[in-house]
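The values are calculated or read from the model by the stated rules, or taken from the named source; none is laboratory data. Here the structure is a predicted model, which is why all the values come from computation and not from measurement. Note: ideal-geometry Cβ built from the backbone for every residue, glycine included; neighbour counts use all protein chains shown. Keep in mind that these areas ignore ligands, DNA and RNA; they rest on the heavy atoms of the full protein, side chains included. Shrake-Rupley method; radii C 1.70, N 1.55, O 1.52, S 1.80 Å.
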Amino acid sequence: MKNTFTVSFLVLLFAVLMSIPWLVPGCGWAALFAFVPLLMADSFAEEKHVGHFWIYQYCGFVLWNAFATFWVSNATLGGGVFAVLANALQMSLVFGVFRWSRKYLHGCLPYILLVTLWVTWEKLYFNAQISWPWLVLGNAFAGTVKLVQWYEYTGTLGGSLWIWASNIAVFGILRSWRNSISYPGIALALVLLIVPPVISLNIYSRYVEKSEGTVDVLIAQPNFDPYEKFSSMSRQEQNNVLLELFSEADDSSGMLYIAPETFTGDVFLNDVEGSLTVRTLNGFISDRKNSSVLLGASTYKFYPTHSAPSILARPYGNEGWIESRNSALLLGSGSEPEICHKGKLVVGVELTPFPKVFVPFDNWLSKKMGVNGLMGRDVPQEEVSALHFNGIPFGCAICYESVYGEYCTEYVKKGAEFLTVITNDAWWGDTPGYRQHFNYSRLRAIELRRDIARCGNTGLSAVIDQKGDVLSSTGWWTRTSLAGTLNRNTFKTFFVRYGDIAGRICTLLSVLLVLLSLVRFFTVEK
């Protein structure tokens, strides 16, 4: 009983410590030793022969996920529970492979496998159909950006590598403490804990904001309750609120006006000008020289055909079929609208994963319940594209896309000189969720070294510089606008040019170590 209590306490301590960076501002450093209790629990359970440790480790990962991302359940209870349990299961499987490998690998090799395999899993998770990389370890520093300015070289996975290396170094010292003091181990731990922050602070203090011209922006935060948006106000009333916020700009010319994600839902791609919102905003900018409006829209493409154009299409009455997209529209005076579509979609809400399997099931269940579809079926965008404001290319990350670092490098590769993020975080309420999402934009600013204008429906909206510092921001649940100036930059960081090198190296090493474990599994005498 005493042994099981000790293991349970250590696992709970791990879950609490690992949640702190996502819940307490400025505490990313806690992740550098948060895994130590879990590693100690594993070592203690093996020494004291505590059985079924996989249950303890899985419960620890479930608690961490629940503590840090409980707010998902505010939008969808089932989705929140599934996200916690499924994400924790994957983490537990990675840790389980590490525990299994100790039978066939010796010395430090199992711990190297743990580090590399975890980073490999995170890298693969960014590109999986069911993707929820919210708790990628490198994101722990999203609210502590002065410590990770070197993300411009490594990206977020470099932070994941740092966290695991630091934890294992500290654990190694504690485990060997009973026998003798390991001065080399202490030296290594100090190097891992001190050198990266020192390098980062040096980069931060020396970094000079790059500017090859500027762009003036006016960010509108209309503050609509997403649960009442489609019933409490008409389309024109919502448009009028946006126009009032836009009219607060001091300069009516040469301005990029920004509205949040899914501001409108009346845009058919077959006839963009037929949208009331598009006509209203075109009228607004018609007498504002060199100005444009960027807004989010739920868009639809109509197919007047008998058969469905794709498995993701839904019936549109008896007239045909429609495909839906979460899009960004750029409206400019005297120019054709530019449109880009969201490529990283929220599973279940926007995207039906493995559509050949789940779409028929969704159709059957929808008919049984008398509704027109339960799961989202946005058509994913296959290629990132840049938008152009007065000939200046820029990127527009739509909500969830801003969580994906390497994905966002594609905007810069397409020429983006600054970045915008449009989002609607109100589904989660006043919880840590929208603050976590906001801070991820700060990491993108560092990785890309691009100024960012972030527009949220209810907050947080902000102007972020190339060091990830917030120059100005709005509050939560306030109807307001925010004016700012963005610096343009054409320089491509190491991370933009070469991508996730840390992830690729870890993938190679983990594959080799897993293969070595398998070879020994089949060759070592039982």
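Per-residue packing, averaged as other Cβ atoms within 10 Å, sorts the ranges 107-114, 508-515 into the order 107-114, 508-515, beginning with the highest.
Membrane-span-like helices in the chain, defined purely by DSSP H runs whose alpha carbon atoms cover 15 Å or more axially and whose average Kyte-Doolittle hydropathy reaches 0.0, are 2-23, 36-47, 53-69, 77-101, 109-125, 156-176, 183-206, 501-523.
Remark on V267: its backbone amide H falls under 5 Å from those of Y300, a criterion applied only to residues 5 or more positions apart or on other chains, H modelled at 1.01 Å from N.
What is the extension gain from L201 to T478, computed as 0.36 nm multiplied by their sequence separation minus the C-alpha to C-alpha distance, in nm to one decimal? Intermediate values should be presented prior to the final figure.
Working: separation 277, 0.36 × 277 = 99.72 nm, distance 3.42 nm.
Extending this stretch completely gives an extra 96.3 nm.
For segment 1-115, the relative contact order comes to 23 percent (Cα pairs under 8 Å, sequence separation of at least 6).
In nm, what is the difference between 0.36 nm times the number of residues separating H52 and R504 and their Cα-Cα distance?
Values: separation 452, 0.36 × 452 = 162.72 nm, distance 3.32 nm.
Roughly 159.4 nm would be gained on extension.
Annotation: lysines with alpha-carbon distance below 22 angstrom to K2 (same-chain offsets under eight excluded): K48.
Over the chain, what is the relative contact order in whole percent, taking alpha-carbon pairs under 8 Å and six or more residues apart?
Details: 1014 pairs, mean separation 88.2, N = 526.
About 17 percent, as a whole number.
Counting only DSSP beta bridges with both residues in the chain, what percent are antiparallel, rounded to the nearest 5? Intermediate values should be presented prior to the final figure.
Details: 36 of 57 bridges.
Roughly 65 percent of the DSSP beta bridges within the chain come out antiparallel.
If the only charges are +1 at each Lys and Arg Cβ and -1 at each Asp and Glu Cβ, what is the size of the charge dipole of the chain around the Cα centre, to the nearest 20 debye? Could the numbers behind the result be given before it?
On the way: 41 positive and 41 negative charges, 402 e Å.
Value, rounded to 20: 1920 debye.
Overall, the anisotropy analysis places segment 19-65 in the oblate class: the square-rooted eigenvalues a ≥ b ≥ c of its C-alpha gyration tensor yield a/c not less than 1.5, with a/b not exceeding b/c. Converting the Cα gyration tensor eigenvalues of segment 189-329 into ellipsoid dimensions via √(5λ) gives semi-axes, longest first, of 39, 25, 16 Å.
Counting other Cβ atoms within 10 Å, which trypsin sites (Lys or Arg not before Pro) in segment 174-241 have at most 13 and lie in a DSSP loop? Of the trypsin sites (Lys or Arg not before Pro), the ones in loops of segment 174-241 whose Cβ has at most 13 other Cβ atoms within 10 Å are R178.
Beyond 30 Å, what percent of the Cα pairs of the chain remain?
Values: 72021 of 138075 pairs.
Summing the P(r) of the chain above 30 Å gives 52 percent of all pairs.
For a paramagnetic label modelled on I311 (point 7 Å from Cα along Cα→Cβ), amide N atoms under 20 Å away belong, within segment 112-135, to 127-131. Extension gain, D225 to E336: 0.36 nm times the residue separation minus the Cα-Cα distance gives 36.8 nm. Share of carbon and sulfur in the accessible area of segment 201-244 stands at 51%, probe radius 1.4 Å.
Overall, the anisotropy analysis places segment 96-151 in the oblate class: the square-rooted eigenvalues a ≥ b ≥ c of its C-alpha gyration tensor yield a/c not less than 1.5, with a/b not exceeding b/c. Summarising the label geometry, the points placed 7 Å from Cα in the beta-carbon direction at V511 and Y153 lie 2.6 nm from one another.
Applying 1/(1 + (r/R0)^6) with R0 = 60 Å to the Cβ-Cβ distance of H388 and F522, what FRET efficiency is obtained, to the nearest 0.05?
Numbers: r = 58 Å, r/R0 = 0.96.
Working from the Cβ atoms, E equals 0.55.
Ranked from largest to smallest solvent-accessible area, with a 1.4 Å probe on the protein heavy atoms, Y498, Y434 come out as Y498, Y434.
Pairs K123/K146; K289/K342; K146/K210; K414/K492: which exceed 20 Å Cα-Cα? Kindly include the intermediate steps, with their values, before the conclusion.
Numbers: K123/K146 24 Å; K289/K342 29 Å; K146/K210 18 Å; K414/K492 11 Å.
In this structure, K123/K146; K289/K342 lie more than 20 Å apart at Cα.
Label sites at S180 and F44, each approximated as a point 7 angstrom past Cα along Cα to Cβ, lie 2.7 nm apart.
Show me 273-282, 59-68, 299-308 ranked by packing, highest mean number of other Cβ atoms within 10 Å first.
Going from most to least packed, we get 59-68, 273-282, 299-308.
How would you classify segment 1-83 from its alpha-carbon gyration tensor, with a ≥ b ≥ c the square roots of the eigenvalues: rounded for a/c under 1.5, else prolate if a/b is greater than b/c, otherwise oblate? Taking the square roots of the gyration eigenvalues as a ≥ b ≥ c, segment 1-83 is oblate. Taking segment 426-455 and a reference point 7 angstrom along Cα→Cβ of S232, the backbone N atoms nearer than 17 Å belong to 426-431.
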